[in-house]
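Please read the structure below before turning to the comments.
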Amino acid sequence: MDRILEYLKKEREKDWRVELRGKMKTKERTGLERLDMPESDPNVRNKSYIEVNKGLSVEQAMHEAHRCIDCPKPTCIEGCPVGINIPKFIKKIEAGEFLESAKVLKETNALPAVCGRVCPQEVQCEQACFYTQKLGKPPVAIGNLERFAADYERDNGQVSIPEISSKNGIKVASIGSGPSGLAFAGDMIKMGYDVTVFEALHEIGGVLKYGIPEFRLPNDIVDVEIEILRKMGVKFVTNFIVGKTATIDDLKKEGYTAFFVGSGAGLPNFMNIPGENFIGIFSSNEYLTRINLMRASDPEYDTPVLSGKKVAVIGGGNTAMDSVRTAKRLGAERAMLIYRRSIEEMPARNEEIKHAQEEGIEFLNLNSPLEYFADKNGRVNKMKLQKMKLGEPDNSGRRRPIPIKGSEYFIDVDTVIVSVGVSPNPLIPKSMKDLDVSNWGTINVNKDSLQSSVSGVFAGGDIVRGGATVILAMGDGRKAAAGMNKYIKEKVRNIISLVKEFKTIGDILDFATK
Amino acid sequence: MNKIVDKEYFSDNVVKLVIEAPAIAKSRKAGHFVILRVGSKGERIPLTIVGSDTEKGTITLIVQKMGVSSIKLVNLEVGDYITDVLGPLGNATHVEKVGTILASGGGVGVAPLLPIVDAFKKAGNKVITVLAARTKELVILEEQIREFSDEVIVMTDDGSYGKKGLVTNGMEEIIKREKIDLAVTVGPAIMMKFVSLLTKKYKIHTLASLNTIMVDGTGMCGACRVTVGGKTKFVCVDGPEFDAHQVDFDEMLNRLGAYKKLEEQAYNHYIDKYRKA
Ligand SMILES: Cc1cc2nc3c(=O)[nH]c(=O)nc-3n(C[C@H](O)[C@H](O)[C@H](O)COP(=O)(O)OP(=O)(O)OC[C@H]3O[C@@H](n4cnc5c(N)ncnc54)[C@H](O)[C@@H]3O)c2cc1C
Ligand SMILES: Cc1cc2nc3c(=O)[nH]c(=O)nc-3n(C[C@H](O)[C@H](O)[C@H](O)COP(=O)(O)OP(=O)(O)OC[C@H]3O[C@@H](n4cnc5c(N)ncnc54)[C@H](O)[C@@H]3O)c2cc1C
Ligand code: SF4
Ligand code: FES
């Protein structure tokens with residue numbers, strides 16, 4: 001920790017930083033207003049897939065960058081799960097060196113254009129910012145600035161391809177191509193390894209592709225990042241499900257030395273209430289996959305989707321929010337969000353809640369579904385709801401919802417999207433007997449190296465955390481890469497020291513036959 | 001991208017395709033299926049792996065023309081490539097020596113039945129198979145099924161071939177004649193429902209291989225869910241075979257119809273485009 005502080009201090013004392021700080025008084029800086037992210041018109045965007053947040057202009061980014069006072073003890077960094085050197089990248093923007101700024105981001109964050117869009121900054125870096133903590137003012141818009149720098153680099157065709165150490169020829173694999181797998185691959189290829197990413201689906205990107213909709217994270221943005229990894233030499237194999245197409249043991253025989261499991265938490269939960277399997281009731285994963293991955297709403301594509309007029313989405317997280325906003329875009333007259341607690345307890349990001357409200361989403365808070373009914377064709381047409389009230393806080397610290405007796409009522413619906421959480425994908429654990437798994441099905445790993453109970457098999461992201469965030473998944477991918485590198489180096493060292501002990505060729509042959 | 005190396009028409013609507021897929025060929029077992037996609041705008045559809053050749057690195061599929069996706073697939077020729085093939089998916093059939101097996105297959109369900117019958121025969125069981133179709137032209141794979149069965153009975157709705165009657169008529173005759181240790185059924189949901197009712201009456205343990213609608217085939221979406229023994233199960237990862245007597249076939253039949261209207265529209269749209277081209 002001290003070493004990091006030391007390093008940050010040294011960076012902060014560099015001439016350019018000192019000079020920049022001197023250009024404007026702190027008072028002046030803190031007097032500047034935070035700029036809101038420019039957004040598309042709610043009544044236009046709720047009928048199309050255009051991105052809601054439009055990004056800052058150069059002038060706006062410069063203005064916002066001036067607000068950052070370049071604190072001696074930058075608390076924002078402590079709030080960042082991967083410890084981005086936040087003041088440094090912001091000051092690079094203030095200096096007008098946008099490409100340099102993007103480079104700073106990439107030192108610690110493999111996918112800044114993605115994180116700038118989907119990270120919950122309001123509970124991370126921006127929550128920890130000096131403005132929030134000490135001044136009681138809106139924080140520096142760190143997320144918007146991150147997105148600005150990353151977009152600037154991409155839009156100017158100047159994306160830097162990081163340097164790669166000389167190839168060492170050691171084959172390693174990532175299982176899954178979500179953010180954890182991509183971050184892992186990026187770090188390992190830089191260290192000289194021969195990296196292959198295996199993905200079960202026909203597209204690379206995991207939730208970034210099949211889950212998060214275009215209007216929040218355009219697929220192009222993810223594709224640019226994947227293209228960079230490809231140029232760096234990462235091999236991507238789609239339509240390959242590890243544990244089925246081939247097991248980890250099979251891949252070992254093909255020369256892979258170590259594995260990173262980033263297979264995500266893909267299994268949708270249902271509530272197991274009567275009528276849940278009627279036509280028109282989907283998991284959010286199915287609904288979003290049909291639209292985002294299979295492009296069901298485009299008539300040129302073969303995959304169909306049922307697009308209702310009266311859509312109810314059950315849940316209060318990002319996934320529920322993405323589903324209900326997608327339903328609105330598919331032409332729902334009523335797009336309703338049904339959540340059993342109040343808006344304050346919703347796990348979705350504040351920004352998403354705000355955007356949803358602007359787009360005309362109806363919030364039915366303190367409500368929980370009890371049963372579904374269907375028409376003569378088996379399509380859902382009605383649901384029974386029960387009103388709830390809030391009681392004492394539960395383990396999660398949120399107030400527990402309590403059903404109000406006798407408050408049951410009915411509403412008409414023709415589509416229901418169940419978004420009540422996901423469970424870890426059991427495929428890998430099922431195909432590896434010795435893998436230590438928790439009661440919830442997540443893979444148990446060593447906290448520092450992220451190595452699992454099976455030597456040479458590392459894991460991270462949602463398959464370990466059971467559902468978290470893009471940035472935490474990416475952080476895990478990088479941590480596992482470091483852990484794996486150490487593990488392999490140690491192994492190599494052991495072999496070398498063994499070989500050194502051999503006195504004759506006979507010793508070596510003896511060892512080899514053992 | 002997987003290359004088609006052989007193609008054979010069993011009838012106007014039923015086609016056998018042999019496809020290059022070395023890794024799948026090596027790891028597949030009876031009961032497994034693949035999900036494939038034709039073209040970059042195609043839909044993901046499940047098809048049973050009917051056979052494989054590990055030396056040549058190929059798998060065999062048998063497809064019946066149903067709607068847009070199966071037609072697109074059948075229209076591919078030897079040398080063409082299938083955009084995506086993922087597998088093997090699902091759980092392999094639990095095969096052991098139990099005695100006498102009564103297998104029943106209807107329509108294109110005979111294709112998925114073939115590897116199962118083969119496996120049970122090789123495990124030393126006596127296998128009796130009842131094949132059913134609406135009419136003579138729709139009876140497929142009779143020769144191949146005969147190879148792995150001790151006895152084959154063909155039933156047609158209109159009596160144009162074999163015996164006249166439903167699959168259950170043929171089965172009941174056998175059940176009355178000799179002791180059956182296990183029944184296996186693959187076919188349209190409605191057929192499996194009635195087979196299940198019949199074997200329940202005679203208390204014969206029955207496996208049904210379910211062909212629900214699927215998207216990913218990896219357990220991620222729940223499109224394939226069915227109720228088995230009162231619990232929701234995902235056919236792609238928990239199945240595709242289940243204890244038939246526990247399956248809620250009425251719910252499954254309902255869910256299979258979910259996209260009927262859209263499928264018809266897509267079909268007409270496609271045929272229009274095809275005619276114009
Ligand atoms: C709709 C939605 C919205 C979200 N919004 C946000 C947000 O705004 N901000 C945020 O920070 N987080 C958000 N999240 C959460 C975030 O996306 C996840 O925490 C993150 O993607 C987890 O990354 P991962 O690498 O662990 O796995 P995933 O992204 O789930 O990727 C796992 C990949 O592995 C593949 N796979 C699985 N098993 C195998 C196998 N055996 N062989 C080969 N491949 C396999 C899967 O097909 C998948 O592509 C959202 C999630 C969803 C579903
Ligand atoms: C595990 C599994 C294994 C399968 N194995 C085979 C196989 O070996 N050979 C094969 O030909 N088919 C098989 N199927 C069925 C095959 O996947 C569907 O026929 C195919 O998806 C139809 O797609 P389509 O676009 O051509 O037709 P669609 O346009 O989707 O459908 C056209 C018509 O067929 C009906 N239909 C669609 N799907 C099914 C279904 N699963 N069962 C009954 N009727 C349906 C629709 O209701 C509609 O009326 C299997 C399905 C599963 C789940
Ligand atoms: S805490 Fe806020 S003001 Fe201080 S360096 Fe970080 S972003 Fe700038
Ligand atoms: S097909 Fe998606 S879960 Fe089975």
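The values are calculated or read from the model by the stated rules, or taken from the named source; none is laboratory data. As the structure is a computational prediction, the values presented were derived from the model and not from experiment. Glycine also receives a Cβ, built like all others from the backbone with ideal geometry; neighbour counts cover every protein chain displayed. Heavy atoms of the whole protein, side chains included, go into the accessibility calculation; ligands, DNA and RNA do not. Shrake-Rupley method; radii C 1.70, N 1.55, O 1.52, S 1.80 Å.
If you take the residues of the stretch A:366-391 that are open to solvent by 50 Å² or more (accessible area, probe 1.4 Å) and without any contact (Cβ under 8 Å) to a residue 12 or more places away in the chain, which of them is nearest to residue A:306 (Cα to Cα)?
If we take residues in the stretch A:366-391 being open to solvent by 50 Å² or more (accessible area, probe 1.4 Å) and without any contact (Cβ under 8 Å) to a residue 12 or more places away in the chain, then A:375 is nearest to residue A:306 (Cα to Cα).
Restricting to the stretch B:133-188, name every residue that is of a type in the set (Asp, Glu) and assigned to a loop (DSSP other than H, G, I, E, B). If you could, list the steps in order and put the result at the bottom.
Quick first cut of the stretch B:133-188, residues of a type in the set (Asp, Glu) only: B:137, B:142-143, B:147, B:150-151, B:157-158, B:172-173, B:178, B:181.
B:150, B:157, B:158, B:178, B:181, listed by residue number.
I need the full set of residues from the stretch A:21-51 which are touching an Asp or Glu at 6+ places or on another chain (Cβ under 6 Å) and of a type outside the set (Ser, Thr, Tyr), in order please. Quick ask: steps written out before the conclusion?
Residues of the stretch A:21-51 that are touching an Asp or Glu at 6+ places or on another chain (Cβ under 6 Å), as a first pass: A:21, A:35, A:42, A:46, A:49.
Once the filter is applied, which keeps residues that are touching an Asp or Glu at 6+ places or on another chain (Cβ under 6 Å) and of a type outside the set (Ser, Thr, Tyr), the stretch A:21-51 yields A:21, A:35, A:42, A:46.
Check off (1) assigned to a helix (DSSP H, G or I); (2) exposed (fewer than 14 other Cβ atoms within 10 Å of the Cβ) for residue A:429 and give me the number that stays unchecked.
(2)
Would a scan of the stretch B:202-223 turn up a residue that is away from every other protein chain (no Cβ under 14 Å), among the aliphatic types (A, V, I, L, M) and surrounded by fewer than 18 Cβ atoms within 10 Å (Cβ to Cβ)?
Residues of the stretch B:202-223 away from every other protein chain (no Cβ under 14 Å): B:202-209, B:211.
Those left that are additionally among the aliphatic types (A, V, I, L, M): B:204, B:207-208.
With surrounded by fewer than 18 Cβ atoms within 10 Å (Cβ to Cβ) added as a condition, the list becomes none.
The answer is no; no qualifying residue exists.
Starting from residues that are polar (S, T, N, Q) and buried (at least 22 other Cβ atoms within 10 Å of the Cβ), keep the ones in the stretch A:243-276 and report whichever is nearest to the other protein chains (Cβ to nearest Cβ). So that I can check it myself, show each step before the final result.
Our first condition is that a residue be polar (S, T, N, Q); within the stretch A:243-276, this holds for A:245, A:247, A:257, A:263, A:269, A:272.
Those still in the list that are buried (at least 22 other Cβ atoms within 10 Å of the Cβ) too: A:245, A:263.
Numbers: A:245: 5, A:263: 10 Å.
Here the residue is A:245.
Does residue A:200 satisfy the condition of being aliphatic (A, V, I, L, M), crowded, with 22+ Cβ neighbours inside 10 Å and more than 16 Å from ligand 4 (Cβ to nearest atom)? Talk me through it step by step, then tell me what you get.
Working: aliphatic (A, V, I, L, M): yes; crowded, with 22+ Cβ neighbours inside 10 Å: yes; more than 16 Å from ligand 4 (Cβ to nearest atom): no.
Taking the combined requirement at face value, the residue does not satisfy it.
Working only within the stretch A:272-288, note down all residues that are under 23 Å from the mean Cα position of the chain (by Cα) and more than 10 Å from ligand 1 (Cβ to nearest atom). Steps first, please.
As a first pass, look at the stretch A:272-288 and keep what is under 23 Å from the mean Cα position of the chain (by Cα): A:282-288.
Matches in the stretch A:272-288: A:282, A:283, A:286.
Any idea which residue in the stretch B:133-183 is farthest from residue B:11 (Cα to Cα), counting only those that are buried (at least 17 other Cβ atoms within 10 Å of the Cβ) and among the polar types (S, T, N, Q)?
B:168
Could we say that residue A:91 is away from ligand 2 (no atom under 16 Å from the Cβ) and in contact with a helix residue (DSSP H, G or I) (Cβ under 6 Å, 6 or more places away or on another chain) here?
Values: away from ligand 2 (no atom under 16 Å from the Cβ): yes; in contact with a helix residue (DSSP H, G or I) (Cβ under 6 Å, 6 or more places away or on another chain): yes.
Judged against the criteria, residue A:91 is a match.
Which condition number in (1) open to solvent by less than 20 Å² (accessible area, probe 1.4 Å); (2) within 25 Å of residue A:373 (Cα to Cα) is the one that residue A:309 fails?
That leaves (1) as the condition not met.
Looking only at the stretch A:278-287, how many residues end up being within 15 Å of ligand 4 (Cβ to nearest atom), within 9 Å of chain B (Cβ to nearest Cβ) and open to solvent by less than 10 Å² (accessible area, probe 1.4 Å)? Full working, then the answer.
Of all residues in the stretch A:278-287, those within 15 Å of ligand 4 (Cβ to nearest atom) come to A:281-287.
Next, only the ones that are within 9 Å of chain B (Cβ to nearest Cβ) stay: A:282-283, A:285-287.
After this cut, where a residue has to be open to solvent by less than 10 Å² (accessible area, probe 1.4 Å) as well, the list is A:282-283, A:286-287.
The total comes to 4.
How about the stretch B:1-110: which strands (runs of 3 or more DSSP E) wholly inside it have at least 1 residues that are touching a helix residue (DSSP H, G or I) at 6+ places or on another chain (Cβ under 6 Å), crowded, with 23+ Cβ neighbours inside 10 Å and without any contact (Cβ under 8 Å) to a residue 40 or more places away in the chain? Outline the logic, then answer.
Values: elements: B:2-9, B:14-20, B:33-37, B:45-48, B:51-53, B:58-64, B:84-89, B:100-106.
Ranges flagged: B:51-53.
Looking at the stretch A:130-176 only, could you name the residues that are part of a loop (DSSP other than H, G, I, E, B), free of Cβ contacts under 8 Å to residues at least 60 places away in the same chain and touching a Lys or Arg at 6+ places or on another chain (Cβ under 9 Å)?
Selection gives A:163, A:165.
Quick one: in the stretch B:225-249, which of the residues that are open to solvent by 40 Å² or more (accessible area, probe 1.4 Å) and within 9 Å of chain A (Cβ to nearest Cβ) is nearest to residue B:195 (Cα to Cα)?
Step by step, filter the stretch B:225-249, then rank; the result is B:248.
Residues of the stretch A:154-174 being open to solvent by less than 10 Å² (accessible area, probe 1.4 Å) and not polar (S, T, N, Q), which ones?
The answer is A:172, A:173.
Name the residue that is nearest to the other protein chains (Cβ to nearest Cβ), counting only residues in the stretch B:261-277 that are modelled with pLDDT under 75 and open to solvent by 90 Å² or more (accessible area, probe 1.4 Å).
B:269
Has the stretch A:316-323 got any residue that is in contact (Cβ under 8 Å) with a residue 12 or more places away in the chain, within 12 Å of ligand 1 (Cβ to nearest atom), of a type in the set (Ser, Thr, Tyr) and touching an Asp or Glu at 6+ places or on another chain (Cβ under 9 Å)?
Taking the stretch A:316-323 and keeping what is in contact (Cβ under 8 Å) with a residue 12 or more places away in the chain, we get A:316-323.
Right, trim to within 12 Å of ligand 1 (Cβ to nearest atom) and you get A:317-323.
So of that shortlist, the ones also of a type in the set (Ser, Thr, Tyr) come out as A:319, A:323.
Add one more test, that the residue is touching an Asp or Glu at 6+ places or on another chain (Cβ under 9 Å), and what stays is none.
Looking through the stretch A:316-323, none of the residues is in contact (Cβ under 8 Å) with a residue 12 or more places away in the chain, within 12 Å of ligand 1 (Cβ to nearest atom), of a type in the set (Ser, Thr, Tyr) and touching an Asp or Glu at 6+ places or on another chain (Cβ under 9 Å).
Going by the conditions given, is residue A:241 over 20 Å from the mean Cα position of the chain (by Cα) and closer than 30 Å to residue B:231 by Cα?
Details: over 20 Å from the mean Cα position of the chain (by Cα): yes; closer than 30 Å to residue B:231 by Cα: yes.
Yes; evaluated as a whole, the condition is true for this residue.
Can you find, within the stretch A:392-425, the residue that is farthest from residue A:469 (Cα to Cα) among those that are at pLDDT below 90 and exposed (fewer than 14 other Cβ atoms within 10 Å of the Cβ)?
Ranking the candidates gives A:392 first.
For the stretch B:216-232, how many residues are more than 10 Å from ligand 4 (Cβ to nearest atom) and either more than 17 Å from residue B:192 (Cα to Cα) or part of a loop (DSSP other than H, G, I, E, B) (or both)?
Residues flagged as more than 10 Å from ligand 4 (Cβ to nearest atom) and either more than 17 Å from residue B:192 (Cα to Cα) or part of a loop (DSSP other than H, G, I, E, B) (or both) within the stretch B:216-232 amount to 4.
Quick one: count up the residues across the stretch A:409-426 that are closer than 14 Å to residue A:383 by Cβ, within 13 Å of another protein chain (Cβ to nearest Cβ) and not in a strand (DSSP E or B). Give the steps one after another, and end with the answer.
Here is the first cut: in the stretch A:409-426, the ones closer than 14 Å to residue A:383 by Cβ are A:409-418.
From what's left, within 13 Å of another protein chain (Cβ to nearest Cβ): A:414-418.
When the remaining residues are screened for being not in a strand (DSSP E or B), the result is A:414.
Qualifying residue count, the stretch A:409-426: 1.
Which pairs do you get when a residue that is among the small types (Gly, Ala, Ser), found in the stretch A:397-421, comes within reach of a residue that is not in a strand (DSSP E or B), reach meaning Cβ atoms under 6 angstrom, with the pair 6+ apart or on two chains?
A:419/A:284; A:419/A:315; A:419/A:319; A:419/A:320; A:419/A:323; A:421/A:269
Could you look through the stretch A:451-470, keep only residues that are near ligand 1 (Cβ under 6 Å from one of its atoms) and away from chain B (no Cβ under 14 Å), and pick out the one that is least open to solvent (accessible area, probe 1.4 Å)?
Per the criteria, the residue is A:461.
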